[in-house]
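Participant: The structure follows.
Bear in mind these aren't lab numbers, they're just calculated from the coordinates by the rules spelled out. Since we're looking at a predicted model, the values are computed, not measured. Note that we place each Cβ from the backbone using ideal geometry, even for glycine, and neighbour counts take in every protein chain shown.
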Amino acid sequence: MSWEVIGIWLGALLSLCLYSFLYKDNPFYKFAEHLFVGMSAGYWVIYAIMNVLVPNWWQKLVPLEGGFQPIWLVPGVLSLFMLFRLIPKLAGLSRLSLALIVGTGAGISITAMLQTRALAQVNGTIIALGQGGGWFDWVSNIIMVTGVVCGLVYFFFSKSHTGVFGGAANVGITLLMVAFGASFGYTVMARISLLIGQTQFLLFEWLPTMGIHL
Amino acid sequence: MATFIEKLGNLDRRVIFVLMALAVIIPLALRMNLPIPIDKGPSKNLFDAIDALPEGSRVLISFDYDPSTMPELQPMAVALSQHLMTRDIRIVSLALWPMGVSLGNEALSAVGDSLGKEEYVDWVNLGYKIGGGVLIVRMGSDIQSVFPTDYGGNPVDEMPVMQGVNKLGDLDMIISLSAGDPGIETWIMMAGDRYNIAVGGGCTAVSAPQLYPYLSTGQLIGLLGGLKGAGDYETMVRIGVENPPPGIAIAGMAAQSVAHLVIMLFIIIGNIAYLSEKKRKGGAK
Amino acid sequence: MRLVIPLMITFVAGMIMILQFFVPATQPMGDNLQEWYMIVSSAAIFLGAANLITVHVHKIRFKARNWKYSPITLIGFAVMIITGLVFGIEADLPFDYLFQQMVAPMAATMFSLLAFFVASAAFRAFRASNWRASLLLVSAFVVMLGRVPIGSMIWNKIPIISEWIMQYPNMAGQRAVMIGAAMGMIATSLRMIFGIERSYLGGAD
Amino acid sequence: MKRALFVLPLLALTGVLFAQSGGITSMDGGDCFIESLTAEDAPNDAGGGVDITWTVALDTALPDSMVLERKDDSGIWAAISTLNPINGRKTDNELENGMEYSYRIVPFYAGTAQDPSIEVSASSSTQWIHSGRIGMLITLVVISLVIFYYIDQGKRGKELYIRRIAGLTAVEDAVGRATEMGRPVLYIPGIMDMDNIQTIASMVILGRVAIKTAEYGSSLLVPTCRSVVMSVAQEIVKESYLQVGRPDAYKRESINYITDDQFGYAAGVDGIMVREKPAAIFMLGTFYAESLILAETGRSVGAIQIAGTAMPSQIPFFIAACDYTLIGEELFAASAYLSREPKLLGSLRGQDIAKLFFMIVIVLGVLTATLGEAWEPASKVAVFLKTITSVE
């Protein structure tokens, strides 16, 4: 029996264990779940070491071509501070590392969100309503622009949704519902694709190892 | 009769599960095949954009997915590599997801071998580094500092395929096959918008609607959405090619259709049951 | 007082990241900061690992409910760590083999459970209980049909209608959500950078 | 208002317009097949870059290859790069700022070098403001000032209204129900790390939910997908329990790390759901595909589910499978809604004004663009609005 066949069996049996969850919780699922959690956690630890800490930190602190770059001690120390959470007396120091993570993340999000999710979308909505030419393009474009504006009205928090304002918010949430329906419908396909992929694995890779060829 | 229909409305979800499983297994086991009509749209736009690149252009493919989304994205990787390589376009690839490296390699080396393209000359796989957007921004100023070697540890500087590629701006197009974050959106935000490079891509059907706005703003030049997008691209690449290799995506589409029908049937049954219950309760008042 | 230095770090780090976007001259500084950030957030994974071990050892020691499964988690964890450290992570070595043959198929299986859940959720939730719910139902239905070849066999306009729904009403909805959420994110980020929001640091003083 | 002062340096930056220097030379390429050759300081970089652009004559045969040469201090030409003739653009990097560099292109036909093109020179310099992002900088400064202004107003005790958010009125009921049934409350903070703003928002809400569970005395489970999120959640929950005087009821071990793996996490949390049978489940934060795996399993154990995310692609699943869903920005409004803290309400008011600003830009832009097709001056307004909202 080759390693490849063993691998197929491992994958197939574990898959079936997990699928059994659809019926109800059972020892097979519990087994696979616990194994999955443990193995994947181990996987990510190794990945963090091999793909970030070694190449992006250690090899910059002590480059292969020699020399020592003390500036890289800073992230090293901050990483260590993070781990001080394990020692109650020193746990407070982890705030410094947390502050770096949160601050950097917040700074990146501000510009990225404003540029990509706000300004670019506003820019894309600024169109001539007649763009496209036909009467149907007019209707479509009006729906689009009204939709964006009324959708934003729905997200107003500091004004009560009554009167004309409430009407606009209602149009907004209605349109959001149409959008969510469409998004759901569009997604169904992707989900089924995944099941198809797994089924293909079981039917065309695993069954043949038992001599069953469909 | 009404009570039977109402009972249907409260069907145990396990019945639905069984029928879904059958809806997928039976068409696959019987190898049903339904024809795919090619639509105009984001898939075609991506195809045309790549078709318009001159020979010798350099395209970056980013494999931002893992085995769980392979059924949708791997066929795209294969079809895109086929298209790029037959047009003699050089491919520089990398992965923002760790597992993307070996998946990308599988596609590139298989297609490369079949078309007689050489690693390091016609294509290269730089591998994976953590960092997502941050990584891309760094590559904007210097690719070699982020990826001094390819995934196998070979120095990138000496590779013919990397000649003249020092930063993102030296590339003609970026294609991200993306299963989430980091992925296409990261490339748009951090590379497309910042360095003004055409970004195209493929994604799971689920994230496609979220990416539509970028198509209309031109931040994305084209998009393959899910298995259907992959099927479209496979079909377009096969046009005019003699003895095309078998398409992976086309095979799954039949099962896809049947499963869709089953779900829609359930929605209809659910609504009939709901309406009949409402009617009866309304009448009893 | 104990929060002063962390708040300063947050402020400086946030401002550097904003500045490097607008001021090309500060890009090298931003690049370095991002690399530090990457290192620190990767190193934090050891915290999680320590917690995982503690939780399961604890379960075994006190024979908590389902404790018999805890050794499986610990063994799985240990096996990956040991094979990774001993053999390395390159392709075709034990670590990679275990990942490809066990972890990856399990991830794919969990992911594919969605096909079943999508079906049961659609069956239960998509009922025409009022006109707004009906709209949701209809748009989902049309788009679902438009995505498979069978849709165009039923009526050749269905893919066009489905595409229209995606391009106009759906896009409008997505945009409203995006712009709104962007404002929420920007405000939250600003509050953090300027130290107005500090509960993430624990402690309100 | 003091905080607004911090924004002033940014504002000052926008006022400073730098004259682009750096010796642009543009030459006619003579009778070589290169028609024109230009060297200039690469725009919007940290310095060290010179852009070389060229056009080739269409009526001559393209060379097999082209080599770009740079003259060093001693006046010797050295090849620095091979060019793709049709690219037309190349940036030379890692130069010293302020030094004058000269370039020329040597075409090769069948391996033999031909006469080089005319030489051009330029020097690189550092830019202090990204010319394509000034509009965005102004927008950011304005939005920030507005938000800070209203935060300040809130702090000064100005009465600020907040509309009802259905999902959040249910928080109390959900926790109460869990207590009655003697079952735990499960809080899932999404799968992203602490640098993600939705995770931060989720942590703030967790603080409020923890106050409720502490008051009601029901147990709270928080499985996390990231180590840092775990430790932050522990801090926050501990603080909440302390705040209502129940530090004894805080259990650190009920907030634990599962795995960084997306689906490993989903499998683990599904297991917790079917075994612990929580009566209330909160799913707030960044979710990807695992959203429905969690929500459907939660539904099957009969829990009240309150979900919220700003991920447009996952909202539909939460709507289909949960009792209440916070859509997009509502997630960020939650902490203000639950705490009624004046500064948070103020921030929310500021966000509203920012949205109003964008709505006005959209409406004005669309009207002028539409009118502009018939009446020229209107289209200028539209073009202006398009320009300020576009970012390079």
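Participant: Looking only at chain D, where both bridge partners belong to it, what percent of the DSSP beta bridges are antiparallel (to the nearest 5)?
Facilitator: Expressed as a percentage, antiparallel bridges in chain D total about 65.
Participant: Please build a GNM for chain B, connecting alpha carbons under 10 Å apart, and tell me which residue among B:Ala259, B:Ala198, B:Ala95 fluctuates the most.
Facilitator: So, out of B:Ala259, B:Ala198, B:Ala95, the one fluctuating most is B:Ala259.
Participant: While we're on this one: How would you classify the protein assembly as shown from its alpha-carbon gyration tensor, with a ≥ b ≥ c the square roots of the eigenvalues: rounded for a/c under 1.5, else prolate if a/b is greater than b/c, otherwise oblate?
Facilitator: rounded
Participant: Here's another thing I want to ask about it. In a Gaussian network model over chain B where Cα atoms closer than 10 Å are linked, find which of B:Gly140, B:Gly222, B:Gly201 has the largest mean-square fluctuation.
Facilitator: B:Gly140
Participant: Quick one: longest stretch of chain D between exposed loop trypsin sites (Lys or Arg not before Pro), exposed meaning at most 12 other C-beta atoms within 10 Å and loop per DSSP?
Facilitator: D:165-339
Participant: Now a separate question. Separation between the D:Lys71 and B:Leu275 pseudo-spin-labels, each 7 Å from Cα along Cα→Cβ, expressed in nm?
Facilitator: About 8.5 nm separates the two model spin labels.
Participant: If you don't mind, another one. Determine the dipole magnitude for chain D: charges of +1 sit on the beta-carbon of Lys and Arg, -1 on that of Asp and Glu, nothing else is charged, the reference point is the Cα centre, and the result goes in debye to the nearest 20.
Facilitator: It comes to approximately 2640 debye.
Participant: Output the direction-averaged projected area (hull surface divided by four) of the convex hull of the alpha-carbon atoms of region A:1-117, in nm².
Facilitator: 14.4 nm²
Participant: Among all the lysines, which ones have a C-alpha under 29 Å from C:Lys157's C-alpha, if same-chain residues fewer than 8 places away are not counted?
Facilitator: List returned: B:Lys40, B:Lys44, B:Lys228.
Participant: Any lysines with Cα under 18 Å of the B:Lys129 Cα? List them, leaving off those in the same chain fewer than 8 positions away.
Facilitator: Answer for B:Lys129, where 18 Å is the Cα cut-off: A:Lys60, B:Lys167, listed by chain and number.
Participant: How long are the three semi-axes of the equivalent ellipsoid for chain B, computed from the Cα gyration tensor as the root of 5 times each eigenvalue, in whole Å, largest first?
Facilitator: 43, 21, 17
Participant: Need the full-extension length gain, A:Glu65 to A:Thr209, defined as separation in residues times 0.36 nm minus the C-alpha distance. One decimal, nm.
Facilitator: 46.8 nm
Participant: What residue among D:Ser347, D:Ser117, D:Ser125 shows peak mean-square fluctuation when chain D is described by a Gaussian network model with Cα springs under 10 Å?
Facilitator: Of D:Ser347, D:Ser117, D:Ser125, the most mobile in the Gaussian network model is D:Ser117.
Participant: By its C-alpha gyration tensor, with a ≥ b ≥ c as the square roots of the eigenvalues, how is chain C shaped: rounded for a/c under 1.5, else prolate for a/b larger than b/c, else oblate?
Facilitator: Oblate.
Participant: How many percent of the alpha carbon pairs in region D:127-249 exceed a separation of 16 Å?
Facilitator: The answer is 72 percent, as a whole percent.
Participant: Long-range amide H contacts for B:Thr149: which residues qualify at under 5 Å (H placed 1.01 Å from N, peptide plane, sequence gap of 5 or more or a different chain)?
Facilitator: Amide H neighbours of B:Thr149: B:Val156.
Participant: Could you tell me the calculated FRET efficiency between D:Asp248 and C:Lys63, based on Cβ-Cβ distance and R0 = 22 angstrom, to the nearest 0.05?
Facilitator: So, using R0 = 22 Å, E works out to roughly 0.35.
Participant: Another question, then. Over 23 Å between Cα atoms, which of A:Lys30/C:Lys63; A:Lys24/D:Lys251; B:Lys7/D:Lys277 qualify?
Facilitator: With Cα atoms farther than 23 Å apart: A:Lys24/D:Lys251; B:Lys7/D:Lys277.
Participant: Let a ≥ b ≥ c be the square roots of the eigenvalues of the Cα gyration tensor of region A:129-214; is it rounded (a/c under 1.5), or, if not, prolate (a/b larger than b/c) or oblate?
Facilitator: Oblate shape, in that a/c is at least 1.5 and b/c is the bigger or equal ratio.
Participant: Right, next: Would you list, by chain and number, the lysines whose Cα falls below 25 Å from the Cα of D:Lys355, excluding same-chain residues fewer than 8 positions away?
Facilitator: Candidates past the 8-residue exclusion: A:Lys159, D:Lys2, D:Lys155, D:Lys158, D:Lys343, D:Lys380, D:Lys386.
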